[in-house]
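K.L.:
Okay, handing you the structure first.
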Amino acid sequence: MKLLVVVAAITSLVLGAPKDPYPAPCGRSDPSGICTTKPTCNKKGGFYVQRDCTFYNVLDIGCCYDIPEKKQ
């Protein structure tokens with residue numbers, strides 16, 4: 001019974017957690033990019049490097065550099 005309660009609590013936390021609106025900065029010596037997935041980086045028009053995002057420490061998130069600024 002306790003296991004069921006713990007699993008339900010963890011599930012509700014995971015599903016209820018908001019997405020990170022401000023991705024972590026990344027870069028080798030100067031934070032000049034943002035941590036994101038490769039498809040998202042391609043949509044933004046940036047240059048993707050998988051190994052440069054150490055903040056999240058997962059393989060599917062890397063650093064996106066040289067994202068063009070939006071023209072308004």
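K.L.:
Among residues belonging to segment 53-66 that are in contact with a Cys (Cβ under 8 Å, 6 or more places away or on another chain) and part of a loop (DSSP other than H, G, I, E, B), point out the one that is nearest to Pro39 (Cα to Cα). Write out each step before concluding.
P.N.:
We begin by selecting, within segment 53-66, every residue in contact with a Cys (Cβ under 8 Å, 6 or more places away or on another chain); these are 53-56, 61-64.
Next, from what is left, pick out any that are part of a loop (DSSP other than H, G, I, E, B): 53-56, 61.
Details: Cys53: 15, Thr54: 18, Phe55: 19, Tyr56: 17, Ile61: 10 Å.
Selected residue: Ile61.
K.L.:
For segment 1-42, how many residues meet the condition of being part of a helix (DSSP H, G or I), of a type in the set (D, E, K, R) and at pLDDT below 80?
P.N.:
Here is the first cut: in segment 1-42, the residues part of a helix (DSSP H, G or I) are 2-16, 38-42.
Checking the rest, the ones that are also of a type in the set (D, E, K, R) come to 2, 38.
With the extra rule that they be at pLDDT below 80, the set shrinks to 2.
Qualifying residue count, segment 1-42: 1.
The values are calculated or read from the model by the stated rules, or taken from the named source; none is laboratory data. Everything quoted here is computed from the prediction, not taken from an experiment. Reconstructed Cβ throughout: ideal geometry from the backbone, glycine too, with neighbour counts over all protein chains shown.
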